[in-house]
Structure formats: C-alpha cells, structure tokens
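Engineer: Pasting a structure below so you can have a look.
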Amino acid sequence: MDLEEALDELRALCVEHLGEHVGTQLAALAEPASALIPATNGSPPGRSRLGGPALLDPGTAWPEYEGYPLSLLAVIDTAQLGPWAGASLPGPPSLLNFFFLEIFDLDDPEVQPYLAALPGLGNPLTCRIVPADPAYAAEVHGPARAISFSSIPLDTAPGITLPDFTDDPALNGLDLGPHAAEGIYGAMPGLFVEERFGPAWADYTSRQPLYDDRSHQCFGWPTLGGGSCLQTSMRPEEEFTHILELSSTREFEWGDGGSLHFVSPSRPLRDGDFSHVVADSSNW
C-alpha cells in the first residue's frame, strides 16, 4: 500500500465513524511516520540502531552539556525511512545520531550541578542531533561518564498517525458542529473522537507496527501522556516537527514507562539546522 492509499483508507474510516464534517477534519491532520522495530535476519541492510557507538564524520566532537558528555541513544539511517517519512528531512540521506543527557549515578556528588537540567524541559543543550555522511562516518565510542547502551539493529515500517485523542491540544481546533453542544464534547473534542471510534480505532492501530508497544517512531504525531512536558516545548504559535520517539526499554526508561521525544521548529529543520532541537519525555 502506498501513502495515498493509506491516507484514503484512514479518511474513509474517519468519515464512517465521525461523520463527513468531523471525519474529514480529523483525516486532514494525519501524518506519515516510520516505525522502528528490532531487525531480523531477513531485514534489508541499514545502519539504524539503538545504542552502540556513534557514527560520526571524522573530526566531529562528541557533544557535551556544560562539560558533561551526552550519551548516544540511537542512530537513524534516513535512507531506510523511505518516501513516507524521509521527505520530512532536507538533502540526501544521512545518518542522524541522537544524543541525550543521561546520568547513571544520581548520588555522585560530581553530577549534582547537572541534575537540575533533567529531564530537559525544552533545554536544547541537553540533547543533540548530529548528522553524518554515510560515506565517511566511522564508529566513535563515548568518553568516560557517557553511558553506553547495547547495540540493537533496527528495521523500519511505514504507518499513519493521528494526534493523541486524550492529550494532544491539536484536536481542540476541531469544529464538531452540532455535537459541540452535547455534554462536554465542546470542551474536549478528543473525547468525542475517542468515543465515536470505539473499538474500530484499536482494530485499525493493531494492524500497524507503529502502535506496537515495542516499537519506536520517526516523524508523525507523538504519543503523549499525563503530565507531558512535550507540549510546553511545542509552542502553539510555531510549526514543529516531531523527529523521533523512543519508547522505554529494559535499558532506558523515561519516567513511568513513557517515551522520549526529539522535536524541532520546522523551518530551521528544513534548512538542515538541528541546533533548535529539544528532547522531552511524554510522561515524567
């Protein structure tokens, strides 16, 4: 199934359960994404992975936060994303290294000055995306105090996302028409969407690797949660791009089973400028 066929299928589903007026509005918010799932022996070759050493151009300095080294969380080979999600990035395919401020021993007196920076809260210095040329990038291991995570190769699978029905303020702009006067739907349009979909939405998402609890995600709408800090980073007056969502794993966990999200204002990102990227958790 290509992107247009997938969008048509989602649009039909939205209209079927929400009606023409609301369903077309919701379907217009759909964004393509790419699930990142553990690779199998039969997966096509690529260099995307969780953990392991960074893949950096020769001479690239290891990123730090005020002298404390960041930790490499993932490397994404954008050539693996395909046209669905890869079009969100400028230029030819590249390798993207995702770094974040990870502190292993919170009781170490030497790290106390850095704890106030966690969990990020929109501070672009506590995270970094470092691009590299696939033709020249070489493995670089982190310095002392940078946490090294197990290397897990990743495969990709395309999918379609909608804003989180429960928590994403993007749904507040839906015009529910006469349904806005029913109960509390006018104040909570997402509740209307969630109730009208019922089990149909769960059935639809069950067929997408994006909605597997074990998967991570490139681009598309983020999965939010109670107490989300991410919404404070994505200022409503500015267009943002959701670049990467890393779910909690056995090696790193974001709050109580939440996810870590890398987001950026869209305009500099389209110009290849990653200096405005921030990373926040969906559930600290």
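Engineer: Under a Cβ-Cβ cut-off of 10 Å, what is the net charge of the residues other than Asp77 that fall near it, where Lys and Arg count +1 and Asp and Glu count -1? Numbers along the way, then the final one.
Structural biologist: Numbers: positive: Arg47, Arg49; negative: none.
That sum, taken over residues with Cβ under 10 Å, equals +2.
Engineer: What relative contact order, as a whole-number percentage, does the stretch 242-284 give when Cα pairs under 8 Å and 6 or more residues apart are counted?
Structural biologist: 41
Read-outs throughout are calculated quantities, based only on the coordinates presented, and are distinct from any laboratory measurement. All of these numbers come straight from a predicted model, not from anything done at the bench. All Cβ positions, even for glycine, are placed from backbone atoms using ideal geometry, and neighbour counts span all protein chains on display.
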